[in-house]
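A.B. asks: The structure follows.
The values are calculated or read from the model by the stated rules, or taken from the named source; none is laboratory data. Worth saying up front: this structure is predicted, and the values here are computed from it rather than measured. Here the Cβ positions follow ideal geometry from the backbone for every residue, glycine too, while neighbour counts run over all protein chains shown.
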Amino acid sequence: MRICAAALLLTCAAARAERPVPQTNRAGEDWSVLADPALRTEPLDALKYIRLWGDDPKTYLSLGLTLRERVETNSAPLFGVKGKTEDTYDLHRLQVHADLHLDAHWSVFVQLEDVRTIDKGAIGPADKNPVDLRQGFAMYQHLLGPGMFKVRVGRQEISFDLQRFISLRDGPNVQQGFDGVWAAWDTPTWKVRGLATLPVEHARAHWFDDEGSIDDRLSLIRLERALGARGGASIYYARYDRPDEHRNIVDARFVGAHRGLDWDAEAMLQRGRASGKDVRAWATGVRTGYSVHDTRLGMQVDAASGDENADDDALETFTPLFPNGYYFTLASYTGYANLVHVKPSITQKLTRDLVAMAALGLQWRVSTADAIYLHPTTPLPGSAGIPGAWTGSYVQLRAEAKLAPSLAVSTELVHFQAGHAIRASGGGNSDYFALEAKLAW
């Protein structure tokens with residue numbers, strides 16, 4: 001039975017063999033297919049697949065690089081509260097990696113990065129990380145019963161689904177890393193994930209000074225089941241601990257597509273203790289759309305709980321854990337806490353390599369007793385307790401173009417029209433513009 005399963009997996013892999021596409025997490029790429037000379041079509045392919053020894057195509061070294069430059073302009077950071085004025089700056093991110101495969105079972109992945117800002121007025125914790133280790137882990141994989149078992153140990157990036165709550169954090173300049181153990185078992189029908197990690201803190205003072213904080217811990221077990229060719233459901237339990245806070249988390253997701261209609265629905269419950277109070281928080285998010293030819297009409301609805309009474313024994317503000325920073329917009333004006341968010345959109349594929357999108361976002365607070373939250377979980381000063389649930393609206397315009405197999409450019413414009421609560425807190429409207437170029441080799 002094991003021999004048959006192995007043969008089936010190898011046969012399927014051979015049938016699907018094609019040139020890999022660079023991913024946001026470069027550790028997920030498999031360049032062993034370049035053992036076939038017919039797929040070596042790009043310059044420097046000799047460095048993407050370096051045969052080491054023997055005849056096993058799975059024994060190789062692959063080198064790679066990611067360079068991202070993004071120029072941003074924000075007319076009113078924090079909506080202008082506390083005298084924040086217009087800021088224009090460059091976000092620089094350079095990453096290099098080596099993926100060493102000793103055989104079909106053992107591999108080592110190492111990725112270094114240099115992340116800096118140029119001319120930014122206020123530098124936050126996710127803006128800067130001079131020369132440091134982005135990822136460094138060893139992985140073992142082997143057929144186990146009807147599926148493939150994998151385990152990674154070391155520093156790594158972890159994400160799930162649309163990355164609403166656990167993400168690579170690719171929106172900000174410095175991505176999120178985790179130190180720990182990740183394990184998976186995949187069959188044609190089931191996927192099982194488990195992890196025990198320490199989220200990485202970026203010290204920024206010296207080279208190679210990042211470390212996982214023993215005070216912050218994220219552990220998780222996740223089950224996912226395929227439902228037909230284009231659908232699936234998943235559920236996971238997670239435990240998130242940090243000083244004076246622990247949250248028990250249950251998350252469920254249902255995703256699918258049928259005859260032009262697609263959907264992705266997720267809900268999360270949080271229970272536990274924080275600052276001496278009982279945590280009772282929730283969030284949900286739905287993305288759906290209908291596609292006709294090269295046009296997609298989309299609708300996004302999100303909601304997350306806020307605290308109803310700061311003086312009682314319950315804490316009801318949702319914590320979005322490790323959000324990606326571009327789930328609403330790249331501007332990331334508001335976070336996934338104490339909100340209702342409705343966003344219709346239209347996406348048009350103009351050419352094979354050019355896509356444009358326009359959207360309108362509408363936002364309210366669930367609880368006016370709680371604050372408006374900036375990304376990721378920073379309360380807007382003075383906004384808690386101000387009457388009126390209306391937070392504001394925004395218009396988002398975005399275009400992405402692929403100039404070459406390894407080079408893409410994008411631009412995004414966001415205008416946020418502030419509601420009463422923001423204005424009563426001393427803030428106002430804000431405009432954001434970004435121009436980004438990304439080289440992934």
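A.B. asks: Among the residues of the range 103-121, is there at least one that is acidic (Asp, Glu), crowded, with 18+ Cβ neighbours inside 10 Å and assigned to a strand (DSSP E or B)?
C.D. replies: Here is the first cut: in the range 103-121, the residues acidic (Asp, Glu) are 103, 113-114, 119.
Checking which are crowded, with 18+ Cβ neighbours inside 10 Å leaves us with 113.
Of the ones still in play, those that are also assigned to a strand (DSSP E or B) are 113.
Checked against the condition, which is being acidic (Asp, Glu), crowded, with 18+ Cβ neighbours inside 10 Å and assigned to a strand (DSSP E or B), the range 103-121 yields at least one hit.
A quick yes/no check of all residues on (1) crowded, with 16+ Cβ neighbours inside 10 Å; (2) among the aromatic types (Phe, Trp, Tyr):
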{"site": "Arg217", "(1), (2)": "yes, no"}
{"site": "Gly228", "(1), (2)": "no, no"}
{"site": "Gly231", "(1), (2)": "no, no"}
{"site": "Tyr240", "(1), (2)": "yes, yes"}
{"site": "Pro243", "(1), (2)": "no, no"}
{"site": "Arg247", "(1), (2)": "yes, no"}
{"site": "Val250", "(1), (2)": "no, no"}
{"site": "Arg253", "(1), (2)": "yes, no"}
{"site": "Leu261", "(1), (2)": "no, no"}
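A.B. asks: Please determine, by comparing only the residues of the range 74-102 that are of a type in the set (S, T, N, Q) and within 24 Å of Thr334 (Cα to Cα), which one is surrounded by the most Cβ atoms within 10 Å (Cβ to Cβ). If you could, list the steps in order and put the result at the bottom.
C.D. replies: Taking the range 74-102 as the starting set, the residues that turn out to be of a type in the set (S, T, N, Q) are 74-75, 85, 88, 95.
Still in the running and within 24 Å of Thr334 (Cα to Cα): 74-75, 85, 88.
On the way: Asn74: 22, Ser75: 19, Thr85: 10, Thr88: 13.
Here the residue is Asn74.
A.B. asks: Take the residues in the range 389-412 that are assigned to a strand (DSSP E or B) and over 20 Å from Phe328 (Cα atoms), then tell me which one is nearest to the chain's Cα centre (by Cα). So that I can check it myself, show each step before the final result.
C.D. replies: Taking the range 389-412 as the starting set, the residues that turn out to be assigned to a strand (DSSP E or B) are 390-404, 407-412.
Then drop every residue that is not over 20 Å from Phe328 (Cα atoms), which leaves 401-404, 407-408.
Values: Ala401: 21, Lys402: 21, Leu403: 24, Ala404: 24, Leu407: 20, Ala408: 19 Å.
Filtering first and then ranking leaves Ala408.
A.B. asks: Just the residues that are modelled with pLDDT under 85 and exposed (fewer than 10 other Cβ atoms within 10 Å of the Cβ), please, taken from the range 1-42.
C.D. replies: Met1, Ile3, Cys4, Ala15, Arg16, Glu18
A.B. asks: Scan the range 122-130 and give yes if some residue there is under 20 Å from Asp179 (Cβ atoms) and part of a strand (DSSP E or B), otherwise no.
C.D. replies: Checking the range 122-130: at least one residue is under 20 Å from Asp179 (Cβ atoms) and part of a strand (DSSP E or B).
A.B. asks: For the range 314-357: of the residues being in contact (Cβ under 8 Å) with a residue 40 or more places away in the chain, small (Gly, Ala, Ser) and not in a loop (DSSP other than H, G, I, E, B), which is farthest from Glu72 (Cα to Cα)?
C.D. replies: Ser345
A.B. asks: Follow-up. Please enumerate the residues belonging to the range 143-170 that are aliphatic (A, V, I, L, M) and in a strand (DSSP E or B). Break it down stepwise before answering.
C.D. replies: Looking only at the range 143-170, we keep the residues that are aliphatic (A, V, I, L, M), and these are 143-144, 148, 151, 153, 158, 162, 166, 168.
Within the range 143-170, Leu143, Leu144, Met148, Val151, Val153, Ile166 qualify.
A.B. asks: Which of the residues that make up the range 336-350 are surrounded by 23 or more Cβ atoms within 10 Å (Cβ to Cβ) and either at pLDDT below 95 or more than 14 Å from Gln163 (Cα to Cα) (or both)?
C.D. replies: Going residue by residue through the range 336-350, those that are surrounded by 23 or more Cβ atoms within 10 Å (Cβ to Cβ) are 336-339.
Once the filter is applied, which keeps residues that are surrounded by 23 or more Cβ atoms within 10 Å (Cβ to Cβ) and either at pLDDT below 95 or more than 14 Å from Gln163 (Cα to Cα) (or both), the range 336-350 yields Ala337, Asn338, Leu339.
A.B. asks: Part of a loop (DSSP other than H, G, I, E, B), among the acidic types (Asp, Glu), at negative phi and surrounded by fewer than 20 Cβ atoms within 10 Å (Cβ to Cβ) - does that describe any residue in the range 283-300? Lay out the reasoning, then the answer.
C.D. replies: Filtering the range 283-300 for residues part of a loop (DSSP other than H, G, I, E, B) gives 293-294.
Still in the running and among the acidic types (Asp, Glu): 294.
Right, trim to at negative phi and you get 294.
Keeping just the survivors that are surrounded by fewer than 20 Cβ atoms within 10 Å (Cβ to Cβ) gives 294.
Within the range 283-300, one or more residues are part of a loop (DSSP other than H, G, I, E, B), among the acidic types (Asp, Glu), at negative phi and surrounded by fewer than 20 Cβ atoms within 10 Å (Cβ to Cβ).
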